[in-house]
Structures are given as structure tokens and as C-alpha cells.
Amino acid sequence: MAPTTSSAPQSQVSCGPAHHSAHPGPEGVDPDNFHRIYAGEQARVGGDSGGQARAGSGDLGARPAPAWTSAKVPAPWAIGRPQRAIAELAARDFFEGPVLDIGCGTGENAILLAHRGLEVVGVDLVPKAVEMAKANAARAVASGAAAGDASMRMAPEFRVGSALDLPACTGGRTFRTLLDCAVLHVFSDADRERYRESVTAVAEPGARIVVLVFSEHETRAGGPRRMSVRDIERTLGPRWSLVRVQPARYEHISHDGGARSWLAVLRHRVG
């Protein structure tokens, strides 16, 4: 992957020491393993269907990647463009800024939202992913400038940090919209409680959180824990109210056609 260059619009901001092992992951999640995957040092992801990412499987090869995307990452979730479910919400002007992209990965969703004129902060546990997100954002700005497109007035800001301790990464900031694209479903029951407190602490009164997770209807082997709508409500419900939920696909190159998922929107309860 292309390293971050001096043209990146934001410097990497870390919530702690820079080395990836300095950010302990949630229970059962090894940040070092994810670092190796993003760095291209490990092409297999334990537990995924077939273990090997298959480029162009199902309908995922039907649409080209943006000109600014990184080279292919050997990870099933790195499809080189925004998730379709998120892009469709964005096209309806659903997102309000500022936006916090939790588990931003290589930044495609965050960059899409920034292109729509929103202020966006992306947080990921893995410094290599943040480095790549910064490089993608720099390329997006350059590509837009070359094409005379000034729609991305402010590039996303990318930071290293844990979804389980978001206040440490945001410096006390709060956000109008939170985006969780395939993060919540990796947590243990105990860590889900920590997650709820973490996201609530950085939410403005009345904020919304958008959650995309593997559903119980995805019966193929591999991947993260499956979640029902009731699981989502149990995790966030004490502090959040379910506004809408619909079946969706999490585009994931180890599951043909993407994984069956839930796209849920919840609103922060005030008072």
C-alpha cells in the first residue's frame, strides 16, 4: 500500500503511543493481526469463509473503485470503495455533521461523506489502516482538484484509537452522527457494554448512530458474530432508541454477494 505522504491533509493523531500494540484491542481482537493484514503481510483472515479474499466475487466487482483508493488490501472487508448501504444513505442526505466514523478502516466511507461537505473524523484501532486512510484522503483531494471538483471542502481527520474509548480520541468532542460499519459485531458481551458507554459519551443530544452488522440470517461459515435486531437494541437500547432497521448487505469479498446484514439507525435519548 502507498505510504502516507507529506501531501496528506491531516497528520495522524494517536490517542496513545504510536506503535500498534500500544492500543489493546477488545476481547478476542488482536490489533497486531489486523496490522499485518493491512500491511499485506498476511493474506488470510482466521474464520472467514474460505479464509482467502476473492476479488470480484458476487457482484462486488460490478462497480469500479474510486481513482483515489489504495491498492488492493488482502482483507475481506477492504472492497476499495464505500459500502453501498452507506452510500445510499448519504445520497439521501441522511448524515448530519460532524460525523464520527468508528472503525474507519482505509477511509472510503469517511471520504464519501467529506465529499458531501460534511466534517468527518475517522477512528481505527490499527495505525496501518489510519495511514492508508490518510493516503486515500490525500489522493481524493488531489483527484478532485485535478477535475475541478471542490466538493470536499474539508478532508476527513483520521485518528488511531479504540471504539471502546472514543472520548480519549476525540478530545471531548461530540458528534451529530456516528457511523459503525461492521465494528459492533466483533465485540464480546462484556465489550458491548463498554462500547455503549463509549459511543454515548461522544454523542450530541439527539444524535443518531448508524450501525451495519452481520445478521443472524447470514448462515455461511466464517466472519464475525451474528446479531439480531434484538441484540442491537439490547446493546444500545438503554441509552438509544431504535428509529429504523432494514435488511442490507455488508459487501465483503469472502461472501458472494455480500453478507446478510442489518442496517439500523438509533437516536440518542435525551434526559
Positions within the range 230-244 being aliphatic (A, V, I, L, M), farther than 17 Å from residue 183 by Cβ and either surrounded by 14 or more Cβ atoms within 10 Å (Cβ to Cβ) or without any contact (Cβ under 8 Å) to a residue 12 or more places away in the chain (or both), in sequence order: 242
Close pairs (9 angstrom Cβ cut-off, 6 or more residues apart or separate chains): over 17 Å from residue 245 (Cβ atoms) and of a type in the set (D, E, K, R) in the range 86-100, at pLDDT below 95 and not in a loop (DSSP other than H, G, I, E, B) anywhere: none
Qualifying residue in the range 135-149 (condition: farther than 24 Å from residue 78 by Cβ, crowded, with 23+ Cβ neighbours inside 10 Å and either modelled with pLDDT of 95 or more or out of contact with any strand residue (DSSP E or B) (no Cβ under 8 Å at 6 or more places or on another chain) (or both)): no
Residue match in the range 248-259 (condition: surrounded by fewer than 16 Cβ atoms within 10 Å (Cβ to Cβ), polar (S, T, N, Q) and either over 17 Å from residue 94 (Cβ atoms) or without any contact (Cβ under 8 Å) to a residue 60 or more places away in the chain (or both)): no
Some residue of the range 188-201 being under 20 Å from residue 83 (Cα atoms) and of a type outside the set (Ser, Thr, Tyr): no
Subset of the range 164-201 that is touching a helix residue (DSSP H, G or I) at 6+ places or on another chain (Cβ under 7 Å) and of a type in the set (Val, Ile, Thr) - its residue that is farthest from residue 263 (Cα to Cα): 199
Qualifying residues in the range 154-207 (those that are without any contact (Cβ under 8 Å) to a residue 12 or more places away in the chain and over 27 Å from residue 230 (Cα atoms)) - the one surrounded by the most Cβ atoms within 10 Å (Cβ to Cβ): 171
Residue 193 being assigned to a strand (DSSP E or B) and charged (D, E, K, R): no
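Per-residue answers, yes or no, for (1) closer than 23 Å to residue 99 by Cα; (2) at pLDDT 95 or above; (3) of a type in the set (Gly, Ala, Ser); (4) not in a loop (DSSP other than H, G, I, E, B):
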{"position": "177", "(1), (2), (3), (4)": "yes, yes, no, yes"}
{"position": "212", "(1), (2), (3), (4)": "yes, yes, no, yes"}
{"position": "220", "(1), (2), (3), (4)": "no, no, no, no"}
{"position": "224", "(1), (2), (3), (4)": "no, no, no, no"}
{"position": "241", "(1), (2), (3), (4)": "yes, yes, yes, yes"}
{"position": "244", "(1), (2), (3), (4)": "yes, yes, no, yes"}
{"position": "253", "(1), (2), (3), (4)": "no, no, no, no"}
{"position": "262", "(1), (2), (3), (4)": "yes, yes, no, yes"}
One residue from 114, 155, 129 being touching a Pro at 6+ places or on another chain (Cβ under 9 Å), part of a helix (DSSP H, G or I) and closer than 24 Å to residue 84 by Cα: 114
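The values are calculated or read from the model by the stated rules, or taken from the named source; none is laboratory data. In this text the structure is predicted, and so the values were computed from the model without any measurement. Methodologically, a virtual Cβ is constructed for each residue, glycine included, from the backbone with ideal geometry; neighbour enumeration extends over all protein chains shown.
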